[in-house]
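J.: Pasting in a structure now, in structure tokens, and then I'll have a few things to ask.
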Amino acid sequence: MALNAMLFLKWKRGSSASAVNLPLLLPLFILALVSERYMLVSGLNYTKYRQVGSLRLARIQKHLNKINKPPVLTIESPDGDIIDCVHKKKQPALDHPLLKNHKIQRVLPEMPKVTRKRKEEGVEVEWSWNINGSRGGGGKLQQMWHQKGQRCPKGTVPIRRSTVHDVLRAKSLYDFGKKRRSSLPLARRVDAPDVVSGNGHEHAIAYTGASQDVYGARATINVWDPTIEVVSEFSLSQIWVLSGSFDGTDLNSIEAGWQVSPELYGDSRPRLFTYWTSDSYQATGCYNLLCAGFIQTNSRIAIGAAISPISSLGGSQFDITILIWKDPKLGNWWMGFGDNMLVGYWPAELFTHLAERATMVEWGGEVVNSRANGKHTSTQMGSGHFAEEGFGRASYFRNLEIVDSDNSLSSAGDISTLAENTNCYNIKSSYNNQWGTHFYYGGPGNNPLCP
């Protein structure tokens, strides 16, 4: 009888509790699982019934016990997130079989050298922020869990706690925290890779030439809160560092940026995220710290947590700077945020091709177009406005740079651009002394020219 026990969850807009009808056999177990606060997405209807078998529920809880490590301190964010401060030696990354004997890197990585001083005078950003302060107007990074003034203790790392509801929003437990990939190839130019092909993903990207030896990349990206039409869709803006074949099963990718993903996070807030894969998004890798792999070293940045403030149309523009590079000392791929704030690293052991170097970098936006209503999605990319609308209305990436074999940063001068459907989302690149190589990108999705 217990094997056939079913849990009925009714999710109500604006409610922080779930109505539960369950057998008497598992009351304490079930009630503990469904007591998590459920964050809703503005404008999306989450009101529905879900049937969850007790065996599936047990599998979900087993998985959550694996990734939600025992905290030293717990912080409740105003947006409903629970941030667990976990001892850095107990974080999920170290559960990876390839990292069984890995020692967390204690020696600081060698930061890339700047070969040309960037001119910041005249930058049109009214406000720009990062963890160490700002360039534009004195703004300062606020992840929402910082707002009560609490911080994780030294020696711990902040990890956003995953809940049963987070998993239930995913297609399956296997798909939780992963990008989906289809075997159907997308028609595209050979030299313009689509890193997630054929399953409704659309892009507006700039990219370096194929087979170019690259050891990292940096860019500054302004942050928006694009609207999402369907819960299973997302909109993101990120850097890809790539190596391997785009039409095979050995593509290695390291990714970081900001994203809005109702399915993954349960709301419509822009969040800092990372991703990695070593087999073309098939079995390896995940978002953030939702599987073993990425090793976090920073106690102030929670990957997957909401970021604020955000840019506004015709108003202040808030941006973040992200750097991904290969440490020439030990070979690990590090992530920097803002002005040289180290977040953590992807150990070289995780990769095949990227264990040596990257061969391509991409910068830009990506959305999922599920055509749920038989027409192109109205999920926005970036600000939801086309590139030609320019500063204050369109999204941008500025100061695109790459890291060379000498561990030096230089402007990414020779780039190409790609957008699969320019009537839905587009991109326009340029160069000037203040922003170096840069581009505007984005769009509204569905419109009369994008049916």
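J.: Based on what the data block shows, is Ser232 crowded, with 24+ Cβ neighbours inside 10 Å and polar (S, T, N, Q)?
T.: Working: crowded, with 24+ Cβ neighbours inside 10 Å: no; polar (S, T, N, Q): yes.
So Ser232 does not fit the description; no.
J.: Residues of segment 82-108 being open to solvent by 10 Å² or more (accessible area, probe 1.4 Å) and in a loop (DSSP other than H, G, I, E, B), which ones?
T.: His96, Lys100, Asn101, His102, Lys103, Ile104, Gln105, Arg106, Val107, Leu108
J.: Restricting to segment 317-337, name every residue that is open to solvent by 30 Å² or more (accessible area, probe 1.4 Å) and of a type outside the set (D, E, K, R). Working first, answer last.
T.: Initially, segment 317-337 is screened for residues open to solvent by 30 Å² or more (accessible area, probe 1.4 Å), giving 328-330.
Across segment 317-337, the qualifying residues are Pro328, Leu330.
J.: OK, next. Pairs under 6 Å by beta carbon, first residue more than 11 Å from Gln143 (Cβ to Cβ) in segment 74-90, partner basic (Lys, Arg), six or more apart or different chains?
T.: Note: pairs meeting the criteria are Gly80/Arg37; Ile82/Arg161; Asp84/Arg161; Val86/Lys69; Lys90/Lys69.
J.: Sticking with this one: If a residue has to be of a type outside the set (A, V, I, L, M) and open to solvent by less than 50 Å² (accessible area, probe 1.4 Å) to count, how many in segment 422-442 make the cut? Break it down into steps so the answer makes sense when it comes.
T.: Let us first name the residues in segment 422-442 that are of a type outside the set (A, V, I, L, M), namely 422-426, 428-442.
From the residues that got through so far, the ones that are open to solvent by less than 50 Å² (accessible area, probe 1.4 Å) too are 424-426, 435-442.
Matching residues across segment 422-442 total 11.
J.: Please find, within segment 39-58, the residue that is modelled with the lowest pLDDT out of those that are of a type in the set (D, E, K, R) and surrounded by 13 or more Cβ atoms within 10 Å (Cβ to Cβ). Spell out the reasoning first.
T.: From segment 39-58, those of a type in the set (D, E, K, R) are 48, 50, 56; that's our starting set.
Still in the running and surrounded by 13 or more Cβ atoms within 10 Å (Cβ to Cβ): 50, 56.
On the way: Arg50: 64, Arg56: 93.
Selected residue: Arg50.
The values are calculated or read from the model by the stated rules, or taken from the named source; none is laboratory data. Computed from a predicted structure; not experimentally measured. Glycine gets a Cβ as well: all are built from the backbone with ideal geometry, and neighbour counts include every protein chain shown. Remember, those area values only see protein heavy atoms, side chains included, never the ligands or the DNA or RNA. Shrake-Rupley method; radii C 1.70, N 1.55, O 1.52, S 1.80 Å.
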